[in-house]
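S.K.: Right, I'll just put the structure down here and ask away after.
The values are calculated or read from the model by the stated rules, or taken from the named source; none is laboratory data. Keep in mind that this is a model prediction, so the values were computed, not measured. No Cβ is skipped: glycine too gets one built from the backbone with ideal geometry, and neighbour counts run over all protein chains shown. These area figures cover heavy atoms from the full protein model, side chains too; ligands, DNA and RNA do not enter into them. Shrake-Rupley method; radii C 1.70, N 1.55, O 1.52, S 1.80 Å.
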Amino acid sequence: MGAASRFIFRRRGGKGWHWTDIVTWVWLVGGLLIMFGPAVWLGFSSFKSPAALAEFPPTILPYVTQQVNVEGYEQPLALYEASLPDGSTQVLAEVRRIGIVSQMVDPNAPGEIIRVNIGDRTPVRTMSFATENYTEPFVQFDFVQYLWNSVFVTVTATLITLVVNSMAAFALSKYEFKGRSVAMLIILATLMVPLSVIMVPLYSIISAIGLFNNLWGVILPTVATPTGVFILRQYMLTIPDELIDAARMDKASEWQIYWRIVLPLAAPALAVLAIFSVVWRWNDFLWPLIVLSRRELYTLQVGLSIYAGELNVQWHFILAMTVVTMIPVVLVFIFLQRFITTGIAGTGLK
Amino acid sequence: MGQITLTDIKKSFGAIDVLHDVNLHIDDGELVVFVGPSGCGKSTLLRVIAGLEKVTGGSIDIDGRRVNDVTAAERGLAMVFQSYALYPHMTVRQNLAFGLENSKMPKAEITERVGEAARMLEIDAYLDRRPGQLSGGQRQRVAIGRAIVRRPVAFLLDEPLSNLDAELRVSTRAELAALHARLSSTMIYVTHDQVEAMTLADRIVVMRAGRIEQVGTPLDLYNTPANRFVAGFIGAPHMNFLQGEVAERTGDSAIVTVAGGVRVHLHPVEGSMEKGQKLTVGVRPQHLVISADPTSPKVKLRLVEALGSETVIHGEINGERLMAVLPGQQRYRAGDEVPLDLEAAPLHLFDENGMRIFSTPGTQRRLSA
Amino acid sequence: MQTKSIIAGLALALLTSTAASAGDVRVMWYSDGVEGEVMKDLVDRFMKENPGINVILDNVAYSVIKEQLPVQLEAGNGPDVARVTAIKDLAKHWLDLRPLVKDPAYWDENFGDKADWMRPDGSDQISGFMTQLTLTGGFANKTLFEQAGVEMPGPEATWEEWAAASKQVADSQQVPFAMAIDRSGHRITAPMLSYGVNYIGEDGKPAPLDQGAKDFLTQFVNWTEEGVFAKDVWVSAAGNTYRAAAEDFINGQLAFYYSGSWQVANLTTKIGNNFDWVATGSPCGPAACTGMPGGAALVAVKYTKNPEEVATFMDWMAREEIVREFSERTLFLPAHKGVVEKGGLNFQTDNEQAKAALGTFVEASKATSETALKLPAWRWADTVYAAIVTRVGQTLAGELSLEDTFARIDADIAQKVKDAGL
Amino acid sequence: MTPPAAGSPAPSRSFASILLAPVKLVMGIIDVPLRALQKATGISGMAIFFLAPNMLIFGIFVLLPLAINFVYSMTGGTAFFLADRTFIGLDQYDRLFECSNYLDPMSCQEDAFWTAVGNTGWFVVLQVTLMILVALGTALILNRKLRARSFWRAVFFFPVLLSPVVVGLIWKWILQRQGLLNFALFEMGIEPHNWLTDRTWAFVAAVGVSIWAHMGFYALILLAGLQAIPKDLYEAAEMDGTKASRVFWRITLPLLAPNLLVVVVLALIKAVQVFDEVYVLTGGGPGTSTMFLTQYIYETGFASQLRNPGLAAAASILMGLVLVVLTLLQLGIGRKTEPKGGKK
């Protein structure tokens, strides 16, 4: 730890610990635990059997009781560490349990039955990854179909979002026209309308125009995000107007100015919006759940919800599929993370 | 090719009038400089000519064709922007070619033109760099190159040197002059720096508050400024202005008192000057000399700037400030009192409205206390 | 590029929205456990036997059935067949299979007693059948009782007796709670019925809470405050959200857990060999020893474009041997009279406890009271359930006094009746 | 990147140009009719063209629903589709406002609505304040000279990527009675506590979890602001021997003010809309102590079998009014901070 922390933290002035160094250290390590810890634990939990998931006290890693095949018994038997009346402890296999008494045998000498009070035995456990949490859904569940739907929704929605929002942002940042401030006002005002508030009428609109049970019903309502217009416009305001004048002098049409000058220059902001759009669309749950009720149209998030029944929820599958659905988002983030800060820094949010 | 005529150009942004009835004719091959303080409308006028702004009234003609409703792209002009406005995401080559591609020029010709311009401007070594990798001077050349490849009817340059450091500005200025000589096409050049205007221009257009104050060759403006504004604007350091009054007028001579009693004897004089008329006397700092006559009016020095080749003194005479450029090195210090006189100095007289009454180098002049 | 994909997408969209070709039967299905897989097998077999009919099984989250299906139905959309629980509420959307099925008499004979649960009042419509019958009932942690040396109350024991015994066990074994009951109006209605409650007023609309209801709820709240009943599960949500207390029972934290027959499979897998447990049936109250029946039905939807195929499918699914197989494999209680009467269901589990528990539930179903059997067919049942759960949850969280609780429950129900415009 | 020698094209360019060739082609084709359009309408006409697709989608899927919601709020019944609903005027609003004492939600006919309003109010105040403090602290620390800064940045940003449902679930498993936290406390010999069924703690948990989930985003905005503060200001302060705390109050904070304002407004808006993660975490309980407005609207209008879309719409219109106030605030701030746009 010492060497690692010395590597990680350069102390103020290089000599001695200033109190701010301690605060920094505590904050970072605490942050690492609090921010990453839960997700790591989620990852491990996704490999637990249903019984282990329900278990208290919970374990960090997935464990199961070890089992052995004992001569003379058809089924494998569970291994326990039992404290015997003589005070010694021994690893025994449980044959059956009758009330509070467990009948056990020594796996090496299976002849004799030893009776142990169940309070005096603790299971011998080994780490075991319940990979069937992953494999079973892959088999039963049209994973590939759901993945394709998710990818289609995410990519299409993101592309349309980028094009449509950047066009609007271009108009709102680089042109003077009647109604510009009204448009801007409307967009800002709806920046804060949560979906759940307009869900009922939106649902009736979707079903009226026949987009119910249709991936476009998931895509279209989300693509005109006010946030996207807002972020892009703020960024485009920082692009000098002279560049656009120059392009006009260079015989570029307005459309060319948009896609050959403004779009490339707004790339950092577009990257930020793309990242957010991918994350939002990929994680979208409530709305797709409402619009889609046909198997072949499910996205992954909706697909994994089928494990939530009326009376029981099959958490082991949900957890495993949640981890699977998190992977692309994490990958996108890892590859594009440098854009996030530079993009946010440049989107005029400062 | 390259004649531009502006007739009664008006431009307003909302309720604010930026240009008032501007009339100007620019001849083919001429290098005209628009000069004036910031906010005078010179850039707007340039943008109006470029087609980037629509006029509110009047008409613009290029080579006899009215272009009011012709878009910027189709006026056949090229513009060099103050910030250069190079496309940061394109290489120099792409920057140069962009406009040509837009007019659907064959590839081969684009390559040829880009190469030619690059050679001319000595930027061929940087063709595959992006603007961000170039120095200020190199960017400036690229910006000019982008205009040149277009072979425009006229070049419009909006303060193209203002982002360069002083030294580079001087050398680039010379190159621009050479370029103009070589291309011999019409150029309109906007600057707030009168030195640039003086050195480059065939003709200078001095503007103030949306109006043209005077149009003329650099020396015209220097020698016979039409009004007090032009007189003060052209020439560095700027002209001294002294408030005065006509004390005597006899025939072709006059005596004007300035700065609380200093008498200026003028001969010959022209124009209408009557006794008691208030006026302003302008004299360039270079035209003041140290008087050998100890009775001459004395200037109390406030600051002495020794530049080596010359010495600039800032002084006061009866409460009015005065500046003089003296040749060589002088041994004065702040606080000294120095007798000054006019010797072979052109004087400029302006009436109460600031309009010139007359200015002539031939006037006899003498100061007396 | 974007435009191309938009055009392609729109084309695709048009295709998919009109893709309901003749012969398709869409089944909207939710699962609590393995029944989705069993259903998939059955559907595959059906299609093999009926090559002209293409059955598409849409596995959905229960929330889709509960929240979106009603809306779809209202818009005249929806699947052709659905597995639903709000069968009475939505009865006007179900298809009458009587003229379509091969042998209506078979349906009346075997499913007739529950047919009222899923048809508009006063009609003789055949809407579908119950895929499973559920019955609420208790589970006891036998091992805990043994360890504590407390004798488990017998079959006729009262709620008080169970509470006392469980409390004794919990105290002796240091488990956090003695008893728990799922956060569900349906669940809590069972003991309320045993206390003699009647929700149904003379006009068929909800009556104000009667004395029996107030007695039990008072008792329940007191028990919870004393730590007999687990408070957690009831305060862990707002509104009428369902919460199960199964996890606590699975972890050996409860002596007695009141839930229902559907938990058998769940408990079997998750408890494994950790302790012994038994199903107890429903404890008694002053009036009865009843559990609450319930279940899910497979119904045909009126808006189908292929009623013939739907009827063929429903006929096939309702066949005695199919119902039997479905029940045996899913460990659900069957609702088919023939299957029940013949008995001898070979539930597919090698867990003796599970088999015994299922046996107990089958036995306990005979004690189901008249009122209990009426409730699933009563339109306002859910309204009453929701109001009770919402307000009792608040009471247990300390937000309402008991008196206010009763007043609020009555007011909530009255408001809903008014909202419905009836 | 060293610039390649003159004449030879950059190697990456040729690859990119192959990739972009079809885009170029399509854009070129689109350009033809658009040039004609531009000729016909002029440049300001093109502005409308650029704005149109967004406004169209926006109008259909955001504005129209908002308008319909308004109509909904004037109708009664349980029917979902407007055509099947009866007009009842302002009854739904009357019902929401029927209260004998507005400070006591329990005295209201729709006590759940007022409880939700109160909860949302408290939540907004607490969550926004605390989150901004935490985000500011994180930004200040990330702005120090750190090794592997981008790693640390990622650590704090990471939860922003998770879906609200996942966030809710993770924390539910940690905080529930038999959760990881209690287990850890138990191991350390501290009495476990039932966090999610204690009215106060559940609220604290809701606030904490939503801070956990969103803090990283705001910390990054603040970090971007910190990095934009010119270093020479700090050097000047150091030359003057200014105390660190004074540097923070007199230099850092004032120069960070525009970012802070943006963060406050965005966080406010987000906090008023709080729903998903808390819904998964606590379900609104215990009792109704973490039930927020959005949950009330969702459950009243959609999620329960006995829904009342009209009442939900009325509640959402009232919520909208509150949001409009926040919008105006945002606009005021936006005007102050945004760079000058348009023409010179």
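S.K.: Working only within segment B:195-236, note down all residues that are of a type in the set (D, E, K, R), open to solvent by less than 50 Å² (accessible area, probe 1.4 Å) and either closer than 20 Å to B:ILE9 by Cβ or part of a loop (DSSP other than H, G, I, E, B) (or both).
M.R.: Of everything in segment B:195-236, just one residue is of a type in the set (D, E, K, R), open to solvent by less than 50 Å² (accessible area, probe 1.4 Å) and either closer than 20 Å to B:ILE9 by Cβ or part of a loop (DSSP other than H, G, I, E, B) (or both), namely B:GLU213.
S.K.: For residues in segment B:63-92 being closer than 21 Å to B:MET187 by Cβ and among the basic types (Lys, Arg), which is least open to solvent (accessible area, probe 1.4 Å)?
M.R.: Looking at the filtered set, the residue picked out is B:ARG75.
S.K.: Does segment A:253-262 contain at least one residue that is assigned to a loop (DSSP other than H, G, I, E, B), of a type outside the set (D, E, K, R) and either within 14 Å of chain B (Cβ to nearest Cβ) or farther than 16 Å from D:ASN54 by Cα (or both)?
M.R.: Among the residues of segment A:253-262, at least one is assigned to a loop (DSSP other than H, G, I, E, B), of a type outside the set (D, E, K, R) and either within 14 Å of chain B (Cβ to nearest Cβ) or farther than 16 Å from D:ASN54 by Cα (or both), which makes the answer yes.
S.K.: To continue, here is another question. Taking segment A:240-252, which residues are at the interface with another protein chain (Cβ under 7 Å from one of its Cβ atoms), touching a Lys or Arg at 6+ places or on another chain (Cβ under 9 Å) and hydrophobic (A, V, I, L, M, F, W, C)?
M.R.: Residues satisfying the conditions are A:ALA246, A:MET249, A:ALA252.
S.K.: On the given criteria, is D:ARG199 at pLDDT 85 or above, open to solvent by 10 Å² or more (accessible area, probe 1.4 Å), among the basic types (Lys, Arg) and under 24 Å from C:PHE177 (Cα atoms)? Before you say what the answer is, go through the steps one by one.
M.R.: On the way: at pLDDT 85 or above: yes; open to solvent by 10 Å² or more (accessible area, probe 1.4 Å): yes; among the basic types (Lys, Arg): yes; under 24 Å from C:PHE177 (Cα atoms): yes.
Criteria met by D:ARG199.
Here is a yes/no grid of residues against (1) on the phi > 0 side of the Ramachandran plot; (2) surrounded by fewer than 17 Cβ atoms within 10 Å (Cβ to Cβ); (3) in the same structural domain as C:GLY212 (by TED's automatic domain parsing); (4) in a helix (DSSP H, G or I):
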{"position": "C:ASP121", "(1), (2), (3), (4)": "no, yes, no, no"}
{"position": "C:GLU146", "(1), (2), (3), (4)": "no, no, yes, yes"}
{"position": "C:GLU156", "(1), (2), (3), (4)": "no, yes, yes, no"}
{"position": "C:SER166", "(1), (2), (3), (4)": "no, no, yes, yes"}
{"position": "C:SER172", "(1), (2), (3), (4)": "no, yes, yes, yes"}
{"position": "C:ARG187", "(1), (2), (3), (4)": "no, no, yes, yes"}
{"position": "C:ALA190", "(1), (2), (3), (4)": "no, no, yes, yes"}
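S.K.: Within segment C:396-422, how many residues turn out to be facing chain D (nearest Cβ under 8 Å), touching a Ser or Thr at 6+ places or on another chain (Cβ under 6 Å) and modelled with pLDDT of 90 or more?
M.R.: 1
S.K.: In addition: Does A:GLY210 count as facing another protein chain (nearest Cβ under 8 Å) and at positive phi? I'd like the intermediate steps shown before the answer.
M.R.: Details: facing another protein chain (nearest Cβ under 8 Å): yes; at positive phi: yes.
When the stated conditions are applied, A:GLY210 passes them.
S.K.: Can I ask one more? Can you say whether A:GLY43 is part of a strand (DSSP E or B) and either more than 22 Å from C:THR143 (Cβ to Cβ) or assigned by TED's automatic domain parsing to the domain that holds A:MET321 (or both), as far as the supplied structure shows? Spell out how you get there, then give the answer.
M.R.: On the way: part of a strand (DSSP E or B): no; either more than 22 Å from C:THR143 (Cβ to Cβ) or assigned by TED's automatic domain parsing to the domain that holds A:MET321 (or both): yes.
The answer is no for A:GLY43.
S.K.: Here's a check for you: in segment D:225-268, which residue that is of a type in the set (A, V, I, L, M) and not in a helix (DSSP H, G or I) is surrounded by the fewest Cβ atoms within 10 Å (Cβ to Cβ)?
M.R.: Filtering segment D:225-268 for residues that are of a type in the set (A, V, I, L, M) and not in a helix (DSSP H, G or I), the one surrounded by the fewest Cβ atoms within 10 Å (Cβ to Cβ) comes out as D:ALA228.
S.K.: Would you be able to tell me the number of residues in segment D:108-133 that are touching a Phe, Trp or Tyr at 6+ places or on another chain (Cβ under 9 Å), touching a residue at least 24 places away in the same chain (Cβ under 8 Å) and assigned to a helix (DSSP H, G or I)? Talk me through it step by step, then tell me what you get.
M.R.: Just the residues of segment D:108-133 that are touching a Phe, Trp or Tyr at 6+ places or on another chain (Cβ under 9 Å), to begin with: D:108-110, D:112-117, D:119-120, D:122-123, D:126, D:131-132.
Now restrict to residues that are touching a residue at least 24 places away in the same chain (Cβ under 8 Å): D:110, D:112-113, D:115-117, D:119-120, D:122-123, D:126, D:131-132.
Imposing the further condition that a residue be assigned to a helix (DSSP H, G or I) reduces the set to D:112-113, D:115-117, D:119-120, D:122-123, D:126, D:131-132.
Going through segment D:108-133 one residue at a time, the tally reaches 12.
S.K.: Hey, another quick one. Could you list, in sequence order, the residues of segment C:366-384 that are closer than 23 Å to C:THR158 by Cα and crowded, with 20+ Cβ neighbours inside 10 Å?
M.R.: C:THR368, C:SER369, C:THR371, C:ALA372, C:LEU375
S.K.: With the condition kept exactly as written, say whether any residue in segment A:238-246 is among the hydroxyl-bearing types (Ser, Thr, Tyr) and either out of contact with any helix residue (DSSP H, G or I) (no Cβ under 8 Å at 6 or more places or on another chain) or open to solvent by less than 10 Å² (accessible area, probe 1.4 Å) (or both).
M.R.: The answer is no; no qualifying residue exists.
S.K.: Could you tell me how many of the residues in segment B:108-138 are of a type in the set (D, E, K, R) and part of a helix (DSSP H, G or I)?
M.R.: 6
S.K.: What about A:LEU147, is it aliphatic (A, V, I, L, M), facing chain D (nearest Cβ under 8 Å), in a helix (DSSP H, G or I) and more than 17 Å from D:PRO65 (Cα to Cα)?
M.R.: Judged against the criteria, A:LEU147 is not a match.
S.K.: I've got another one for you. Can you confirm whether D:ILE141 is among the aliphatic types (A, V, I, L, M) and touching a Phe, Trp or Tyr at 6+ places or on another chain (Cβ under 6 Å)?
M.R.: yes
S.K.: Being of a type outside the set (D, E, K, R) and at the interface with chain D (Cβ under 10 Å from one of its Cβ atoms) is true for just one of A:TRP287, A:TRP280. Which residue is that?
M.R.: After applying the criteria, what remains is A:TRP280.
S.K.: What about A:VAL272, is it under 21 Å from the mean Cα position of the chain (by Cα), within 13 Å of chain D (Cβ to nearest Cβ) and buried (at least 22 other Cβ atoms within 10 Å of the Cβ)?
M.R.: In short, yes.
S.K.: So C:SER127 fits all but one of (1) open to solvent by 30 Å² or more (accessible area, probe 1.4 Å); (2) closer than 30 Å to C:LEU69 by Cα; what number is the exception?
M.R.: Condition (1) is where C:SER127 drops out.
S.K.: What's the number of the only condition in (1) away from chain C (no Cβ under 14 Å); (2) in contact with a strand residue (DSSP E or B) (Cβ under 7 Å, 6 or more places away or on another chain); (3) open to solvent by less than 60 Å² (accessible area, probe 1.4 Å) that A:MET127 fails to meet?
M.R.: Just one mismatch for A:MET127, condition (3).
S.K.: Quick one: C:VAL43 ticks every box in (1) within 14 Å of chain A (Cβ to nearest Cβ); (2) under 21 Å from the mean Cα position of the chain (by Cα); (3) surrounded by 19 or more Cβ atoms within 10 Å (Cβ to Cβ) bar one, so which box is it?
M.R.: If we test C:VAL43 against (1) within 14 Å of chain A (Cβ to nearest Cβ); (2) under 21 Å from the mean Cα position of the chain (by Cα); (3) surrounded by 19 or more Cβ atoms within 10 Å (Cβ to Cβ), just (2) comes out false.
S.K.: Please pick out the residue among B:ILE60, B:ILE49, B:ILE26 that is out of contact with any helix residue (DSSP H, G or I) (no Cβ under 7 Å at 6 or more places or on another chain), among the β-branched types (Val, Ile, Thr), open to solvent by less than 10 Å² (accessible area, probe 1.4 Å) and more than 14 Å from chain A (Cβ to nearest Cβ). Lay out the reasoning, then the answer.
M.R.: Numbers: B:ILE60 fails: out of contact with any helix residue (DSSP H, G or I) (no Cβ under 7 Å at 6 or more places or on another chain); B:ILE49 fails: more than 14 Å from chain A (Cβ to nearest Cβ).
Being out of contact with any helix residue (DSSP H, G or I) (no Cβ under 7 Å at 6 or more places or on another chain), among the β-branched types (Val, Ile, Thr), open to solvent by less than 10 Å² (accessible area, probe 1.4 Å) and more than 14 Å from chain A (Cβ to nearest Cβ) holds for just one of B:ILE60, B:ILE49, B:ILE26, which is B:ILE26.
S.K.: Turning to a different aspect of this structure: Restricting segment C:47-63 to residues that are more than 16 Å from the chain's Cα centre (by Cα), of a type in the set (A, V, I, L, M, F, W, C) and crowded, with 22+ Cβ neighbours inside 10 Å, which is nearest to the other protein chains (Cβ to nearest Cβ)?
M.R.: By that ranking, first place goes to C:VAL60.
S.K.: Out of all the residues in segment A:252-269, which are of a type in the set (A, V, I, L, M, F, W, C), surrounded by fewer than 24 Cβ atoms within 10 Å (Cβ to Cβ) and within 28 Å of the chain's Cα centre (by Cα)?
M.R.: A:ALA267
S.K.: Could you check segment B:243-265 and list, in sequence order, the residues that are of a type in the set (S, T, N, Q) and either loosely packed, with under 13 Cβ neighbours inside 10 Å or part of a loop (DSSP other than H, G, I, E, B) (or both)?
M.R.: Listed by number, the list holds a single entry, B:THR250.
S.K.: Residues in segment D:132-141: is at least one open to solvent by 10 Å² or more (accessible area, probe 1.4 Å), in the same structural domain as D:ASN259 (by TED's automatic domain parsing) and over 18 Å from D:MET215 (Cβ atoms)?
M.R.: So far as segment D:132-141 goes, no, none of its residues is open to solvent by 10 Å² or more (accessible area, probe 1.4 Å), in the same structural domain as D:ASN259 (by TED's automatic domain parsing) and over 18 Å from D:MET215 (Cβ atoms).
S.K.: Could you tell me which residue of segment A:173-184 is most open to solvent (accessible area, probe 1.4 Å), considering only residues that are aliphatic (A, V, I, L, M) and more than 7 Å from chain D (Cβ to nearest Cβ)?
M.R.: Going through the qualifying residues, I end up with A:VAL182.
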